[in-house]
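A.B. asks: Before I ask anything, let me first share the structure, which is written out below as structure tokens.
The values are calculated or read from the model by the stated rules, or taken from the named source; none is laboratory data. Keep in mind it's a predicted model, so treat the numbers as computed, not measured. Here the Cβ is made from the backbone with ideal geometry for all residues, glycine too, and neighbour counts use every protein chain on show.
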Amino acid sequence: MNKLTILCFLIFSIIAPTDATATDQTRPVIDMIIADVNGDLQGFLERMNRVEAVAHRLGLPAKLRVLQATFAGPKNGEIYLLWELPSFNAFADAETKLHQDAEFLAILDEMGAAGQSFTSELLAVEVTLE
């Protein structure tokens, strides 16, 4: 590649328009977290019910769901925690409030003591056509 081609590529990469939905802070958001429940799904579900109660007490506009993978090959049985929020801004606010809440932090400590953890997280912004 010659220098002009490289320069044009770099300039295009910097100024090229991006998909508006990638930066739209008002689109619905799903925070998907993979959980290791250490063989105690019931205990995990009970903790997540308490987490949902904390979110409700804090007035967070979040819907919590727990899903289990099925027909998923090597991921069969994997547990997913999904937070549905109305916007990325609501997600940021929820994260801040939850991680400042003593009861929420105590639940995370209980999970750790039970050998449970969150192993991976994916944040997705909805791009469904209207």
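A.B. asks: For the stretch 1-49: of the residues being part of a loop (DSSP other than H, G, I, E, B), touching a strand residue (DSSP E or B) at 6+ places or on another chain (Cβ under 9 Å) and modelled with pLDDT of 95 or more, which is nearest to Ala92 (Cα to Cα)?
C.D. replies: Val37
A.B. asks: Return yes or no: is Lys75 surrounded by 12 or more Cβ atoms within 10 Å (Cβ to Cβ) and among the charged types (D, E, K, R)? Please lay out each step first, then the result.
C.D. replies: Details: surrounded by 12 or more Cβ atoms within 10 Å (Cβ to Cβ): no; among the charged types (D, E, K, R): yes.
Judged against the criteria, Lys75 is not a match.
A.B. asks: Considering the stretch 79-104 alone, what residues qualify as being loosely packed, with under 14 Cβ neighbours inside 10 Å and farther than 13 Å from Leu58 by Cβ?
C.D. replies: Hits for the stretch 79-104 are Asn89, Ala92.
A.B. asks: What are the residue pairs meeting all of these: first residue in the stretch 66-77, first residue in a strand (DSSP E or B), second residue among the aromatic types (Phe, Trp, Tyr), Cβ atoms under 8 Å, and 6 or more apart or on different chains?
C.D. replies: Correct list of pairs: Val66/Phe44; Val66/Tyr80; Leu67/Tyr80; Gln68/Tyr80.
A.B. asks: Given (1) under 18 Å from the mean Cα position of the chain (by Cα); (2) without any contact (Cβ under 8 Å) to a residue 40 or more places away in the chain; (3) surrounded by fewer than 16 Cβ atoms within 10 Å (Cβ to Cβ); (4) part of a helix (DSSP H, G or I), identify the lone condition not met by Glu52.
C.D. replies: (3)
A.B. asks: While we're on this one: Checking the structure you have, find out if any residue of the stretch 29-38 is touching a Pro at 6+ places or on another chain (Cβ under 9 Å) and farther than 15 Å from Asp101 by Cβ. Before the answer, list the steps.
C.D. replies: Filtering the stretch 29-38 for residues touching a Pro at 6+ places or on another chain (Cβ under 9 Å) gives 29.
From the residues that got through so far, the ones that are farther than 15 Å from Asp101 by Cβ too are 29.
Yes, the stretch 29-38 contains at least one residue that is touching a Pro at 6+ places or on another chain (Cβ under 9 Å) and farther than 15 Å from Asp101 by Cβ.
A.B. asks: Against the condition touching a Leu at 6+ places or on another chain (Cβ under 8 Å) and surrounded by 13 or more Cβ atoms within 10 Å (Cβ to Cβ), how does Leu108 come out, does it pass? First the steps, then the outcome.
C.D. replies: Working: touching a Leu at 6+ places or on another chain (Cβ under 8 Å): no; surrounded by 13 or more Cβ atoms within 10 Å (Cβ to Cβ): yes.
Spelling it out, it is not the case that Leu108 is touching a Leu at 6+ places or on another chain (Cβ under 8 Å) and surrounded by 13 or more Cβ atoms within 10 Å (Cβ to Cβ).
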